Every structure is written in C-alpha cells, then in structure tokens.
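*Asks:* I am attaching a structure below and will ask some questions about it afterwards.
The values are calculated or read from the model by the stated rules, or taken from the named source; none is laboratory data. No experiment lies behind these values; they were computed from the predicted model shown. All Cβ positions, even for glycine, are placed from backbone atoms using ideal geometry, and neighbour counts span all protein chains on display. These area figures cover heavy atoms from the full protein model, side chains too; ligands, DNA and RNA do not enter into them. Shrake-Rupley method; radii C 1.70, N 1.55, O 1.52, S 1.80 Å.
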Amino acid sequence: MPIKTEPFYLNLGPQHPSTHGVFRLRVELDGEVIVNVEPIIGYLHRGIEKLAETRTYTQVIPLTDRLDYVASMTNNLAYCLSVEKLAGIKVPERAEYLRVIFSELMRLANHFLAIGAFLNDCGALATPLIYMWREREKIVDLCEMTCGQRLLFNYMRVGGVSQDVPEEFMPALKKFVAEMPKFIGEYEQLIKQNEIFLARTKGVGILPKETAINIGASGPVLRGSGVNWDIRKKDPYSIYERFDFEVPTGEVGDCYDRFWVRLREMRQSVRILEQAIVQIPAKGPIRADVPQFFRPPAGEAYGHIEAPKGNLGFYVVSDGSIAPYRVHIFPPSLINVTALADMAIGWKVADLIIVFGSIDVVLGEIDR
Amino acid sequence: MTVVTSGEDLAKKIAEAIPGSVISSDKTSVMVDAAKLAQVAEFLKNTPGLDFNYLNFATAVDYIDYFELVYRLLSMEHNHSLVLKTRCYDRENPTVPSIVSLWRGAYFQEREMFDMFGIKFEGHPDLRRLLTWEGFKGYPLRRDYL
C-alpha cells in the first residue's frame, strides 16, 4: 500500500539573508526535494515608472539610481542613452570614455558583490565576501572622489556626465587597474579548486541553452548556458567597438558556469579599463550643450546596455513636452528570476539558496 | 550591430501568410491586429529566415484613446530586431492574446501589464497582480490614475 503524502509549502523570505533583499519564494516541497518554486515580488515597489512621468527628463536620472543600487551608474547610462537617441544628442569624446570607465568599474563592483555573496550562500561564510568587499571599497572610493556619493551616484547626464574627474582620479584608477589582475588571480586560486565549492555548484541548477533563450535570460545567466550574446559586442553602444575584449561563456549552464563567467568577465573589464586609460583624451568637454529643460520631439526610443546583470533597457516615449510621456524600465533580474523554477526543481532546499545566489538579482530593479 | 528589420518589408511577408493581420507599418515597426497577435508572433518566431527566438521586452503605453502594446523581438541567429505593436481600444475590458506559450519571458511582463494597465491576456497561465498586492484598486500606470 502506497504511503499517503501531501506537498509541504515553505515560505522563504521576504526577510531572509539568502534572498538578497525583500523577496519571497513560495516553495512546494516533497520531503526535502523541490517540486515547484514561485517567486513573489513587489515588496520594494516604488512606482518609479509612474514617478518618471511627472518629472523632467533630467530629474528622472536620480530615480534610475534606485534600480540596481549595486551598480547604479549603469542605470544612469541606459536611461541617458535612450533619451539621447530620442533627442538626437551627441556625446563628447571625453564623456564617452568616462562613461565606459565607470560602467566597467560598476561591472567589477557588481561582480565582486555577486561572487562574494554567492560564496556566502554556498556556506563559505564571510571570508570570500569580505575579500571582495575590500576591493569593492576601492571602486566606491573612486566614485566618491568623482561625484561625492558612495551608493547612488547620479553621475551621468543626458549628453555626457555631470562633472569631470578630479586630478587625483587618474593616478588612483591606474593603481587600481594595476593591482586588479593579481587580486583576481589570488581569488581564483582560493576558490576555483575548493572541493566543497565544486561539489555544491558543479552540475547543480542546470539551465539549458534553449530554455535560457526562450525565457529571454541575459547577462551571465545566458552566457553561462553557452550563448555568446553580449550587447557590447552584438549591438555596440557608446564607444565599445573601439575596445578589444572577449566574451566568456560557460558550457553546461550550471551554477559553477555562471560563477566562472563572472570571474572571467572581471578580467575583461580590467582589460577594457587598461585600454580606456590610454585612449582617453586628456582634456575636452564632458557634456554636450543640453538645456536644463529640453523637449525631445514626439516619438519613442529604446536604448539598452549590457548591465552587469544582463540586458538593461529603457523604452522612453515623448509627447514633445518637458516630461517623458512614458518610461518603461526593462530590468534583467526580473527575467532572469523566471529561470529559477527551471533550475531549482528536483534539487534540495539547500541547493535552492545556491541556485538563487548564482542568478545574482537585485530587488530594487525587479520591483522598480 | 543589431540590424533593425524594415517593418515595411516584413509587413508584406506577414500579410501574405496571415491575411488581414497587418494594420500599418513603418521603417522600424509593424502594427498588427490585436486579435491576430498570437498568430503573427508564431509566424515571426517559427519562419526560417526570420527566427525571432528572443523576446527582448514587452510593454504597454496608455494613449488614453487606446493602449499600445509594444514587443521588441530579436533573432540571435541573424542578429536582427523588430518592434511589433498592437492596439487595444477597449478601455473597460481590454483583452489581448497572450504570447507566453511562445516566449516564456513574457510571463512576468504580461502579469505586470495586467497589474499596471488592466490589460487581460487570454491564455496566460496565471494572470494575477505582480507588483501591487491582491485587492489593490485601480491600474497605476494608466494616465487617468492619480
């Protein structure tokens, strides 16, 4: 006679250290094995899209900082790119380089935290996270030097950046870039061969290539599944076509591959930074002549960038007034989290934490 | 560089395959009849040479007279993109076919549109509010919501 069983429901979150923010997972369990996962979101919803409709184009920029607050300058950039497309504004050369430098610094800052927190989820408590945090602090210092902020930078402007970098910035950046390869190498050595880490991540939470494309995943989640798709290469924005770098991809699409893609991406970011430091013009305007209240012609524009977490897009509609008619934010984390059920079903609760950590989501951007 | 497919050329192909579906087209986008959206989407996804296998984003805009739904499709194989649009004139009970069965990435995005605009997607597996809570009154991103 079969034993009568019934599913068991577990609420993971909204306040739980492993959910990286206020995020709830309703997990259906059979014993310890996951049968279904349902993400429940909206705890951090601030209505940024609605707020944007009552502000001028420039006033929207600080709102975009609140999306992906781990790498907030990239949000500024994506928004500014779409407004520039809409209004037909050309960005000066030096500003383009500053934008690239800061987007790559942000990518490093994001991956530091993503990998550190991921290892924390794997059970390597604190040490790997704090190592990463130490290096991330240097990037935050560079940003503070430039715009006085440490978390929500509000640095990019439509047509350029808000201010030029101070004199001491370039030497500090050069020192940082010179130190980075050694640090990444050390970190790799520390983690890559760790037996416990490999046992917990290799083959866990596999996302097949076809599924990744079908759900519209992007960023390291997509590339981890072996799809060579990076907007910096496939649809270059800003001045990315001038830089020589590679797009790392994974093979299997498991948690390890996503970690490994991020770690190699950090090396590529350092490469881009090295080239940008050499190429950047020493002097020049850093902002196009854009009035404070400008009225782009009626129409629509879509600008997207390869944010650290994936494809971040802004769809901006103008009706010819000083405020945007509609701003739609397309965040990578929202779509990547769709893949969670595919990766986690069939694994145990302890693996769910790792799988979720390997997606690297930030709730500011999911809930908007 | 992602090539933006000419909407005019594509409109001809779509009109041939699914007569009466195309309403208008311009250089970058194709406007289709809301009732035939799912058919057109399937055609775009499965026709060799087009292969729009990746849904970039889906959203809606409230133009007060009508809702405009915007889908940006991408083909990873050919690296070309297209903006597919459709309009929904009914404000009380706007209904559009769902495309979740073709691109699962639309799952959360359609739920979000339902939440924010009150647009109903026929065929969506689980159409509920996404960002606001159950029992929330009104649709925040409509222009007449204050």
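*Asks:* For the ranges B:81-94, A:348-361, what's the packing order if you count other beta-carbon atoms within 10 Å of each residue, average per peptide, and put the highest first?
*Replies:* A:348-361, B:81-94
*Asks:* Same structure again: Where does the charge balance sit around A:Arg223 when Lys and Arg score +1, Asp and Glu -1, over other residues with C-beta under 9 Å from its C-beta?
*Replies:* In short, -2.
*Asks:* Rounded to the nearest whole Å², what accessible area per residue is found for the protein assembly as shown with the 1.4 Å probe?
*Replies:* On a per-residue basis, the protein assembly as shown sits at 39 Å².
*Asks:* Tell me which of B:Ser25, A:Met156, A:Ala350 sits at the most positive position along the dipole axis of the protein assembly as shown, charges placed on C-beta atoms (Lys, Arg +1; Asp, Glu -1).
*Replies:* A:Met156
*Asks:* Please pull out the direction-averaged projected area of chain A, using the convex hull of its alpha-carbon atoms, in nm² to one decimal place.
*Replies:* Mean projected area for chain A: 18.9 nm², to one decimal.
*Asks:* Can you list the residues, at least 5 places off or on another chain, whose amide H is less than 5 Å from the amide H of B:Ala60, using H built in the peptide plane?
*Replies:* Amide H to amide H, under 5 Å and 5 or more residues apart or across chains, B:Ala60 pairs with B:Val70.
*Asks:* State to the nearest 20 debye the size of the charge dipole of chain A about its Cα centre, where the only charges are +1 on K and R beta carbons and -1 on D and E beta carbons.
*Replies:* Approximately 520 debye in magnitude.
*Asks:* Taking the simple approach of a point 7 Å from Cα along Cα-to-Cβ for both A:Glu32 and A:Gln189, what is their distance in nm?
*Replies:* If labels sit at A:Glu32 and A:Gln189, their model points lie 3.6 nm apart.
*Asks:* Still on this model: Comparing the chain by itself with all protein chains present, which residues of the stretch B:112-131 are at least 50 Å² less accessible (probe 1.4 Å)?
*Replies:* Listed by number, the residues meeting the 50 Å² cut-off are B:Glu112, B:Leu131.
*Asks:* Additional query: Return the distance in nm (one decimal) between the two label points of a simple spin-label model at B:Arg91 and B:Arg129, each offset 7 Å from Cα along Cα→Cβ.
*Replies:* Spacing of the two 7 Å Cα→Cβ label points: 2.2 nm.
*Asks:* Over the stretch A:49-367, what percent of the accessible surface lies on carbon and sulfur atoms, probe 1.4 Å?
*Replies:* In the stretch A:49-367, the share of accessible area belonging to carbon and sulfur is 54 percent.
*Asks:* Let me ask another. Give the angle, between 0 and 90 degrees and rounded to the nearest 10, that separates the Cα long axis of helix B:106-117 from the longest principal axis of the Cα atoms of chain B.
*Replies:* Here the helix axis deviates by roughly 50 degrees.
*Asks:* Here's another thing I want to ask about it. What number comes out for the charge environment of A:Val204, summing +1 per Lys or Arg and -1 per Asp or Glu over other residues with Cβ under 11 Å away?
*Replies:* +1
*Asks:* Between the helical axis of B:7-17 and the dominant principal axis of chain B, each derived from Cα atoms, what acute angle in degrees is found, rounded to the nearest 10?
*Replies:* Tilt relative to chain B: about 90 degrees.
*Asks:* Any chance you could check the stretch B:65-93 for residues losing 50 Å² or more of accessible area when the partner protein chains are in, compared with the chain on its own (1.4 Å probe)?
*Replies:* B:Met76
*Asks:* Also, I was wondering about something else. When DSSP beta bridges are limited to those with both residues in chain B, what percentage is antiparallel, rounded to the nearest 5?
*Replies:* The antiparallel proportion sits near 70 percent.
*Asks:* Here is a further query. For the stretch A:146-292, max minus min Cα coordinate along each principal axis, in Å, sorted largest first?
*Replies:* Principal extents (Cα only, largest first): 52, 36, 29 Å.
*Asks:* Hey, with R₀ at 41 Å, roughly what FRET efficiency would A:Arg295 and B:Ala15 work out to, going by the Cβ-Cβ distance, to 0.05?
*Replies:* 0.65
*Asks:* Other chains' Cβ within 10 Å of A:335-345 residues: what's the mean?
*Replies:* For peptide A:335-345, the averaged partner shielding equals 2.
*Asks:* So in the protein assembly as shown, what percent of DSSP beta bridges are antiparallel if you round to the nearest 5?
*Replies:* Antiparallel bridges: around 85 percent, rounded to the nearest 5.
*Asks:* Assuming a viscosity of 1.567 mPa s and a temperature of 4 °C, what translational diffusion coefficient in µm² per second does Stokes-Einstein assign to the stretch A:171-214, Rh being the Kirkwood radius over Cα pairs?
*Replies:* So the translational diffusion coefficient is about 97 µm²/s.
*Asks:* Farthest toward the dipole's positive end in chain A, which of A:Ser238, A:Gly320, A:Gly47, given Cβ charges of +1 (Lys, Arg) and -1 (Asp, Glu) about the Cα centre?
*Replies:* A:Gly320
*Asks:* Here's something else I'd like to know. Once you've got the Cα coordinates, tell me which of A:Lys90/B:Lys13; A:Lys309/B:Lys13; A:Lys138/A:Lys283; B:Lys45/B:Lys137; A:Lys174/A:Lys234 are over 27 Å apart.
*Replies:* With Cα atoms farther than 27 Å apart: A:Lys90/B:Lys13; A:Lys309/B:Lys13; B:Lys45/B:Lys137; A:Lys174/A:Lys234.
*Asks:* Moving on to the next point. Carbon and sulfur together cover what percent of the accessible area of the stretch B:3-95 at a 1.4 Å probe radius?
*Replies:* The C+S portion of the solvent-accessible surface of the stretch B:3-95 is 51 percent.
*Asks:* Let me ask something else about it. If you fit an axis through the alpha-carbon atoms of helix B:37-46 and take the longest principal axis of the Cα set of chain B, what angle between them do you get, 0 to 90°, nearest 10?
*Replies:* In chain B, helix B:37-46 runs at an angle near 40 degrees to the longest axis.
*Asks:* Find the sum over both chains of the accessible area lost when B and A are paired, probe 1.4 Å, and report it in Å² to the nearest 100.
*Replies:* That pair hides around 3300 Å² of surface in total.
*Asks:* Could you state the number of Å between the C-alpha centres of the stretch A:285-344 and the stretch A:224-270?
*Replies:* 22
*Asks:* Note down the nm distance, to one decimal, between modelled labels 7 Å out along Cα→Cβ at A:Asp141 and at A:Asn11.
*Replies:* Result: 4.4 nm between the two label points.
*Asks:* In addition: Let me confirm one metric for peptide A:211-219, namely the mean number of other chain beta-carbon atoms within 10 Å of its residues' beta-carbons.
*Replies:* Mean partner-chain Cβ count within 10 Å for A:211-219: 5.
*Asks:* Choose one answer from A:Asn311, A:Asn11, A:Asn194: the residue with the largest mean-square fluctuation in a GNM of chain A with alpha-carbon springs under 10 Å.
*Replies:* Answer for the Gaussian network model of chain A: A:Asn194.
*Asks:* Computed FRET efficiency, Cβ-Cβ of A:Met170 and A:Ala350, R0 51 Å: what is it to the nearest 0.05?
*Replies:* After rounding, the FRET efficiency stands at 0.65.
*Asks:* Once you average over the residues of A:325-334, how many Cβ atoms of partner chains fall within 10 Å of each Cβ?
*Replies:* Taking the mean over all residues of the peptide, I get 4.
*Asks:* Now for a separate question. For the stretch A:88-132 and the stretch B:1-38, what is the separation of their Cα centres, given in Å?
*Replies:* Comparing the Cα centres of the stretch A:88-132 and the stretch B:1-38, I get a distance of 40 Å.
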